[in-house]
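Trainee: Pasting in a structure now, in structure tokens, and then I'll have a few things to ask.
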Amino acid sequence: MTKSPIEQNEANDVAGLDRREFIKVGLVMTAAALSPGSAAGTAIGTANIDIKRILVINAHQKYPGISEGRLNRSLVNLIKEEMVKKGYEVQETNIEQGYNVNDEVKKHIWADIIITQSPVFWFGMPWIYKKYVDEVFTAGMLQKSFISGDGRIADDSSRQYGSGGKLQGKKYVLSLTMNSPKQAFDDKNQKLHAGLSVDDVFHSTTAVYKFCGVDVLPIFGSYDVIQSPQVNNDMERLKKYLAYL
């Protein structure tokens with residue numbers, strides 16, 4: 001019997017466990033070497049200045065029998081595999097499995113690209129992702145590593161609100177799975193979004209990164225995943241998207 005793309009992806013996960021554990025060990029060693037205050041970290045960081053790094057955030061929240069997370073997990077694995085092929089070092093955060101706030105701040109500073117993979121719940125992100133953002137970005141603000149104020153200066157009217165970010169040079173991608181069909185966007189005749197693009201609808205999610213100086217790239221959407229799923233096509237489109245990063 002032919003396996004579905006998601007089942008095949010999960011089978012590949014098991015087959016590739018040893019390889020991923022090897023990568024994981026390498027990432028832990030790299031993170032330790034690059035930690036502040038480490039003399040070895042300074043040397044290694046200087047020697048490997050061209051190494052490309054990506055943080056992949058799995059924002060899925062499980063609702064048994066409704067949203068199990070298999071599709072988002074498969075897309076996360078695809079992202080990691082494709083970026084490893086491109087020579088990137090990869091770190092992953094699975095929000096539902098727990099996280100350390102300060103470690104997440106360090107991961108954001110470490111990464112050149114941050115990708116969040118998430119389902120859309122009621123036209124927004126799962127609440128655990130909002131909690132994650134509130135905690136991590138507040139810590140980054142207090143540590144003055146994400147922003148230095150909101151960008152405005154009293155005697156300089158050219159300095160705009162939202163220009164105080166300290167994460168310049170990084171890129172952010174939001175990859176979403178949703179029941180909305182693609183036709184629901186960019187069409188003024190559509191009842192719900194009335195001409196808004198997918199980037200418009202989820203602006204409040206991506207604006208957090210833009211506020212901190214990150215270059216926000218166009219949202220990647222896997223559309224109509226409940227009524228008319230096109231998993232193979234979504235995966236191929238995502239591969240092409242990642243190829244341009």
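Trainee: Could you compute the net charge surrounding Ala59? Neighbours are other residues with a C-beta less than 12 Å from the C-beta of Ala59; K and R count +1, D and E count -1. Before the final figure, lay out each step's value.
Mentor: Numbers: positive: Lys62, Arg73, Lys130, Lys131; negative: Glu92, Glu96.
Overall, the nearby charge balance is +2.
Trainee: Ok, one more. Could you work out how much longer the chain between Ser197 and Glu96 gets when fully extended? Use 0.36 nm per residue separation minus the Cα distance between them, nm to one decimal.
Mentor: Numbers: separation 101, 0.36 × 101 = 36.36 nm, distance 2.87 nm.
This chain segment gains 33.5 nm when fully extended.
Trainee: Can you run phi through the Karplus equation (6.51, -1.76, 1.60; θ = phi - 60°) for region 157-167 and list ³J(HN,Hα) in whole Hz, with x for Gly and Pro?
Mentor: Residue by residue, region 157-167 yields 5, 6, 7, 8, 4, x, 10, x, x, 10, 9 Hz.
Trainee: Just to confirm the filter: which trypsin sites (Lys or Arg not before Pro) across region 63-101 are DSSP coil and have at most 14 other Cβ within 10 angstrom of their Cβ?
Mentor: Numbers: sites: Arg70, Arg73, Lys80, Lys85, Lys86; in loops: Lys86.
Sites meeting the loop and neighbour criteria: Lys86.
Trainee: A follow-up question, please. Within 10 Å of each residue's Cβ, count the other Cβ atoms and sort Ile114, Ile66, Ile51 from fewest upward. Can you show the working numbers first?
Mentor: Details: Ile114 23, Ile66 8, Ile51 14.
Exposure proxy ranking, most exposed first: Ile66, Ile51, Ile114.
Trainee: For Lys86, what charge total do you get from the other residues with a beta carbon under 14 Å from its beta carbon, if Lys and Arg give +1 and Asp and Glu give -1?
Mentor: Details: positive: Lys52, Arg53, Lys80, Lys85, Lys171, Lys239, Lys240; negative: Asp50, Glu81, Glu82, Glu89, Asp112.
Around Lys86, the surrounding residues sum to +2.
Trainee: Roughly how many Å is it from the Cα centre of region 131-163 to that of region 200-245, as a whole number?
Mentor: Spelled out, the Cα-based centre of one part sits 25 Å from the other.
Trainee: Shifting gears a bit: Evaluate the relative contact order of region 52-243 (contact order divided by residue number), counting alpha-carbon pairs under 8 angstrom at least 6 apart; express in whole percent. Walk me through the intermediate numbers first.
Mentor: Numbers: 326 pairs, mean separation 39.9, N = 192.
Across region 52-243, relative contact order equals 21 percent.
Trainee: On to the next question. Counting other C-beta atoms within 10 Å, which of Thr177, Thr206 has the fewest, and how do the rest follow?
Mentor: On the way: Thr177 25, Thr206 19.
The most exposed by this proxy come first: Thr206, Thr177.
Trainee: What chymotrypsin sites (Phe, Trp or Tyr not before Pro) in region 159-245 are in a loop by DSSP, with at most 10 other Cβ atoms within 10 Å of the Cβ?
Mentor: Answer in residue order: Tyr161, Tyr244.
Read-outs throughout are calculated quantities, based only on the coordinates presented, and are distinct from any laboratory measurement. This structure is a prediction, so every number in the text was calculated from the model and none was measured. Cβ sites come from the backbone with ideal geometry, for glycine too, and all protein chains shown count toward neighbours.
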